[in-house]
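Engineer: Dropping a structure here in structure tokens format, bear with me for questions.
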Amino acid sequence: KIDMNFSKLLDCPAEDLTGAVRAAISCGDFDHRVPDADEQRKILFDVARYLDNGIGGNVSNVEVSLQRQELWDRCYAEAKRNLPPFLIKAKGEPMRLEGRYIIPDSPLFEAHFLAVVRAHLFDKYFSDVRAVAEFGCGTGHNLLALARQHPHMVLFGLDWSKNALDHVHKLRRQYGVPIHTAEFDMLNPRTDLHYNLKEVGVLTVGALEQVGKRFENFLSFLLSCHPPICV
């Protein structure tokens, strides 16, 4: 087993780690091991085969596949534990950490790791804003965490998937978290949003990458809104 040095990973002195970050660390399962030589060769072979034959080997295919709204609708319809399925890994599935492959013990390693990083970012960048809008909010799990960490903040969840927004509505009813929602497509940003982003912090996690090279419209939208902070 290998200890996780979150002070190093977050580039933050240990004494400056906030209570929320320490709580996320204490609640997470970060046990993992380095694969042996045979496992390492298999991992590299599988990655190379994917790049040669999978969608990752063709940029145009990646962009087309990531515009398939029905794929994301199905993904969010299958979401469990308030987490999108892609955050729950199969047992023994390798991941990358600090430039090398590891094999986590827990299928929730990535979700737990995200919880730590997320807590750090929330305290570092959103402590001085009264409202936050997450673009590509998915199931709303990041907004739920933000509501628990900063309970008086006004929250907005935006996504192009109806099932994602339905899931956010369930969170709102289940936990009593007042998250306002709206449909939003990063490829074709709407400009009729009912709130002023000049006073709203912007959050996006694992969503902007899904637009491939077609990020210009969303970037122009944000620049025109002049939000106080973008994470």
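The values are calculated or read from the model by the stated rules, or taken from the named source; none is laboratory data. Since this is a predicted model, take the numbers as computed values, not measurements. Neighbour counts are summed over all protein chains in view; Cβ atoms, including those assigned to glycine, are modelled from backbone coordinates with ideal geometry. All accessible areas refer to the heavy atoms of the entire protein, side chains included, with ligands and DNA or RNA removed. Shrake-Rupley method; radii C 1.70, N 1.55, O 1.52, S 1.80 Å.
Engineer: Mind checking the dipole of the chain: about its Cα centre, +1 per Lys or Arg Cβ, -1 per Asp or Glu Cβ, Debye to the nearest 20?
Structural biologist: Dipole size: approximately 380 debye.
Engineer: With a/c under 1.5 counting as rounded, go ahead and sort segment 111-156 into rounded, prolate or oblate using the C-alpha gyration tensor (a ≥ b ≥ c being the square roots of the eigenvalues; past the cut-off, prolate if a/b is larger than b/c, else oblate).
Structural biologist: Verdict is oblate for segment 111-156.
Engineer: On a full-extension model of 0.36 nm per residue, what is the gain between His226 and Ser127, subtracting their alpha-carbon distance, rounded to one decimal in nm?
Structural biologist: Extending this stretch completely gives an extra 33.8 nm.
Engineer: I'd like to know which of Leu187, Trp160, Leu97 lies farthest towards the positive end of the charge dipole of the chain, counting +1 on Cβ of Lys and Arg and -1 on Cβ of Asp and Glu.
Structural biologist: Trp160
Engineer: Within segment 153-231, which trypsin sites (Lys or Arg not before Pro) sit in a loop by DSSP and count at most 12 neighbouring Cβ atoms inside 10 Å?
Structural biologist: Answer by residue number: Arg190, Lys213.
Engineer: Label 7 Å along Cα→Cβ of Arg33; segment 84-100 residues with amide nitrogen under 15 Å?
Structural biologist: Within reach of a label on Arg33: 91-95.
Engineer: Given contacts defined as C-alpha pairs under 8 Å and at least six residues apart, what's the relative contact order of segment 95-228, whole-number percent?
Structural biologist: Reported relative contact order: 24 percent.
Engineer: Let me ask you something else. At 1.4 Å probe size, with no ligands or nucleic acids counted, give the accessible surface of Tyr125 in Å², nearest ten.
Structural biologist: 90 Å²
Engineer: Please give the direction-averaged projected area of the C-alpha convex hull for segment 109-192, in square nanometres with one decimal.
Structural biologist: Averaged projected area of segment 109-192's Cα convex hull equals 6.0 nm².
Engineer: Still on this structure, I have one more. When you count, for each residue, the other Cβ atoms within 10 Å and take the mean per peptide, how do 35-48, 16-29 rank with the highest first? Don't jump to the answer; show the numbers that get you there.
Structural biologist: Working: 35-48: 12.1, 16-29: 15.9.
Highest-to-lowest ranking by the protection proxy: 16-29, 35-48.
Engineer: Taking amide H atoms as placed 1.01 Å from N in the peptide plane, list the residues 5 or more away in sequence, or in a different chain, whose amide H sits under 5 Å from that of Ile179.
Structural biologist: none
Engineer: With point charges of +1 on the Cβ of Lys and Arg and -1 on the Cβ of Asp and Glu, referenced to the Cα centre of the chain, which listed residue (Val47, Pro85, Leu10) lies farthest in the positive direction of the dipole?
Structural biologist: It is Pro85.
Engineer: Now, a different point. Over the chain, calculate the relative contact order: mean separation of alpha carbon pairs under 8 Å at least 6 apart, over the residue count, as a percent.
Structural biologist: 20 percent
Engineer: Now, a different point. Using the beta-carbon distance between Ser106 and Lys213 and R0 = 45 Å, what value does 1/(1 + (r/R0)^6) give for FRET efficiency, to the nearest 0.05?
Structural biologist: Efficiency, from the Cβ-Cβ distance: 0.85.
Engineer: For the chain, what does the convex hull of the Cα positions come to per residue, in cubic angstrom? Write down the numbers at each step before the final one.
Structural biologist: Details: hull volume 31.4 nm³, N = 231.
Hull volume over Cα atoms, normalised by residue count, gives 136 Å³.
Engineer: Now a separate question. Residue by residue, what Karplus-based ³J(HN,Hα) values in Hz, rounded to whole numbers, does segment 88-99 have, using 6.51, -1.76 and 1.60 with θ = phi - 60° and x for Gly and Pro?
Structural biologist: Karplus-based 3J(HN,Hα) across segment 88-99 equals 10, 9, 6, 4, x, 6, x, 9, 9, 9, 6, x Hz.
Engineer: While we're here: Hey, any idea what % of the chain's accessible area is carbon plus sulfur with a 1.4 Å probe?
Structural biologist: Carbon and sulfur atoms account for 53 percent of the accessible area of the chain.
Engineer: Which whole-number value in Å² is the accessible area per residue of the chain, probe 1.4 Å?
Structural biologist: That works out to 56 Å² for each residue.
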